[in-house]
Amino acid sequence: MATEQVSEEAKETVGNTTLIAVIDDEPSISDVVVRVLMKPDYGGFTNISTHCGNVGLIEQWQEKGMPGLVITDVMMPYRNGIDFVEALFQHCTRHGMPKPKVIVMSSEMLLPVKEKLLHIQQVEGESNVAFIEKPFRVAELADAVRCVLDMKG
């Protein structure tokens, strides 16, 4: 039976309480993201919420508290993930709220969406918005989360 080795860095992050919101219209993707982020080797996050869509989330977060990290799919019903991120940042600016870090994930980045993401990165700073391509390996997701949360922005 194989045992997992837990690094000293991972031990220090076990029980990380950063609020993370995972937004994807495919529950299986959200489930994988949550399971990965809860593992001690990948951050040990304990405060993760999942959402099947992004409608009404900004208003809900204004009342209950803004997450420290939003992980969102691009292709979503009603409003795509890029438009959601743009609206989220505009809302935070208007209301003087801290902006969460964001990881955008997608299996297909059409040119107009990619250009909009690049524009958001230029306006908000690359340290606030990252991209990960689906399908991703567990380590890629964990690295992206660690990298984005560690960046000052």
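Testing the spin-label approximation: label points 7 Å from Cα along Cα→Cβ at residue 83 and residue 151. State their distance in nm.
According to this spin-label approximation, the distance is 2.5 nm.
For an R0 of 22 angstrom, estimate the FRET efficiency from the Cβ-Cβ distance between residue 60 and residue 107 and round to the nearest 0.05. Numbers along the way, then the final one.
Working: r = 27 Å, r/R0 = 1.24.
Working from the Cβ atoms, E equals 0.20.
Can you give the net charge of the other residues whose Cβ lies under 14 Å from the Cβ of residue 26, counting K and R as +1 and D and E as -1? Intermediate results must be reported in sequence, preceding the final value.
Values: positive: 134; negative: 24, 25, 31, 73, 108.
Once positives and negatives cancel, what remains is -4.
By Kyte-Doolittle mean hydropathy of at least -0.5 and Cα axial length of at least 15 Å, which whole DSSP H helices of the chain are selected?
Values: long enough: 27-38 (16 Å, 1.32); 81-94 (19 Å, 0.22); 111-124 (19 Å, -0.16); 138-150 (18 Å, 1.01).
What comes out of the filter, once short or polar helices are dropped, is 27-38, 81-94, 111-124, 138-150.
Counting other Cβ atoms within 10 Å, keep those with at most 10, restrict to DSSP loop, and tell me which GluC sites (Glu not before Pro) in segment 74-149 are left.
108
State, to one decimal in nm, how far the label point of residue 17 lies from the label point of residue 46, with both points 7 Å from Cα in the Cβ direction.
According to this spin-label approximation, the distance is 0.8 nm.
Could you identify which residue out of 138, 123, 85 has the top mean-square fluctuation in a GNM of the chain using Cα springs shorter than 10 Å?
Taking springs between Cα atoms under 10 Å, the residue moving most is 123.
Where nothing but the Cβ of Lys and Arg (+1) and of Asp and Glu (-1) is charged, how large is the charge dipole of the chain around its Cα centre, in debye to the nearest 20? Don't jump to the answer; show the numbers that get you there.
On the way: 14 positive and 22 negative charges, 63 e Å.
Charge dipole, the chain, about its Cα centre: 300 debye, nearest 20.
Which listed residue (148, 22, 92) has the Cα farthest towards the positive end of the charge dipole for the chain, taking +1 on Lys and Arg C-beta and -1 on Asp and Glu C-beta about the Cα centre?
My answer, from the dipole projection, is 92.
If one puts a single equal scatterer on every Cα of the chain and applies the Debye formula without solvent, what log₁₀ I(q)/I(0) results at q = 0.12 Å⁻¹?
-0.48
Where a number appears in this text, it was derived from the coordinates with a stated rule and is not lab data. Note that the structure is predicted; figures quoted are calculated from it, not measured. When we count neighbours, we look across all protein chains shown, and the Cβ atoms used for this are built from the backbone with ideal geometry, even at glycine.
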